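The values are calculated or read from the model by the stated rules, or taken from the named source; none is laboratory data. Because the structure is predicted, anything quoted here is derived from the model rather than measured. Here the Cβ positions follow ideal geometry from the backbone for every residue, glycine too, while neighbour counts run over all protein chains shown.
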Amino acid sequence: MSVRVEQASKWIYAGVWGILSRWFRVPEHPPALPSSSGTSVESFKPAIGFLKYLKFQFWVGLFAIDLTIFVVELIILVNAPTMGLLLLVPALFFAIVPDVIIYLAIHLRYDTTWYVLSDRSLRIRRSIWIIHETTITFENVQNVSVHQGPLQRWYGIANVSIETAGGGGQQSHGEGNPWQTSHCGLIEGVADAHRIRELIMSRLKQSRSAGLGDEELTPARSGWTSEQIATLREIRDLIATS
């Protein structure tokens with residue numbers, strides 16, 4: 001029986017996701033990211049443990065909120081039966097409808113999250129209502145760290161935090177991104193966080209030691225900003241790979 005319920009829920013969600021993805025024109029594929037000739041671009045999503053982690057938080061919050069609504073409704077029914085009956089339908093509405101919306105939002109958040117890693121930069125895409133894409137170039141990265149709480153450890157996931165120098169070289173597309181600050185990018189819920197950190201650090205070292213083939217092109221020497229230099233490099237890479 002539980003297997004049938006799970007299959008039914010997946011079928012319903014697939015239908016809802018199909019409608020919403022067409023409605024909001026959500027891209028089906030990960031974002032493109034230019035890279036040097038002969039290098040690979042790695043695209044990946046959060047681990048399935050991240051979805052389970054979000055669902056656990058959802059069920060805990062759901063229990064607390066719905067229990068509060070139930071207790072308040074029960075108190076009203078005991079002390080004012082007429083008023084309690086009148087409030088029964090609104091209470092059920094506020095106990096059920098927001099839960100369904102939040103449950104769908106969790107899946108949508110998971111399905112719309114992409115991380116793309118090239119030899120020179122990282123691009124992060126999130127959200128469905130307003131697509132947020134943030135590009136971080138490695139020459140502006142100051143620190144890469146791994147964070148893992150007790151609950152994340154239980155689900156076998158961790159976050160990778162990328163700190164940049166004053167936000168330089170980080171280009172954001174979309175307003176009010178709640179997952180990004182002006183000086184930090186966040187890779188959430190990955191199972192191989194330490195591998196990703198070491199990969200970013202190795203490419204960061206290559207960027208600084210080799211100069212990416214254009215040592216003269218720096219903010220101090222050219223007078224351009226880091227954002228302008230990052231854009232010029234992306235245009236150069238596109239021309240080289242076309």
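Return only the number of the condition from (1) polar (S, T, N, Q); (2) over 30 Å from A91 (Cα atoms); (3) modelled with pLDDT of 65 or more that S37 does not satisfy.
Just one mismatch for S37, condition (3).
Taking the condition closer than 30 Å to D192 by Cα, exposed (fewer than 13 other Cβ atoms within 10 Å of the Cβ) and at pLDDT 90 or above, does V3 pass? Walk me through it before giving the result.
Values: closer than 30 Å to D192 by Cα: yes; exposed (fewer than 13 other Cβ atoms within 10 Å of the Cβ): yes; at pLDDT 90 or above: no.
Taking the combined requirement at face value, the residue does not satisfy it.
Here is a check on your reading of the model: is S172 modelled with pLDDT under 85, in contact with a strand residue (DSSP E or B) (Cβ under 7 Å, 6 or more places away or on another chain) and under 27 Å from E234 (Cα atoms)?
yes
Applying the selection to the range 110-130, what residues are in contact with a helix residue (DSSP H, G or I) (Cβ under 7 Å, 6 or more places away or on another chain) and modelled with pLDDT under 85?
Within the range 110-130, D111, D119, R120, I128 meet the criteria.
Would it be correct to say that I162 is under 16 Å from I48 (Cα atoms), of a type in the set (V, I, T), modelled with pLDDT of 90 or more and not in a loop (DSSP other than H, G, I, E, B)? Reasoning before the result, please.
On the way: under 16 Å from I48 (Cα atoms): no; of a type in the set (V, I, T): yes; modelled with pLDDT of 90 or more: yes; not in a loop (DSSP other than H, G, I, E, B): yes.
Judged against the criteria, I162 is not a match.
Give all pairs with beta carbons closer than 7 Å in which a residue from the range 190-204 that is farther than 14 Å from N143 by Cβ and at pLDDT below 95 meets a residue that is buried (at least 19 other Cβ atoms within 10 Å of the Cβ) and aromatic (F, W, Y); count only pairs at least 6 apart in sequence or on separate chains.
R203/F138
Regarding the range 103-112, can at least one residue be identified that is surrounded by fewer than 17 Cβ atoms within 10 Å (Cβ to Cβ) and without any contact (Cβ under 8 Å) to a residue 12 or more places away in the chain?
yes
Residues of the range 179-189 being at pLDDT below 55 and aliphatic (A, V, I, L, M), which ones?
Scanning the range 179-189 gives no hits.
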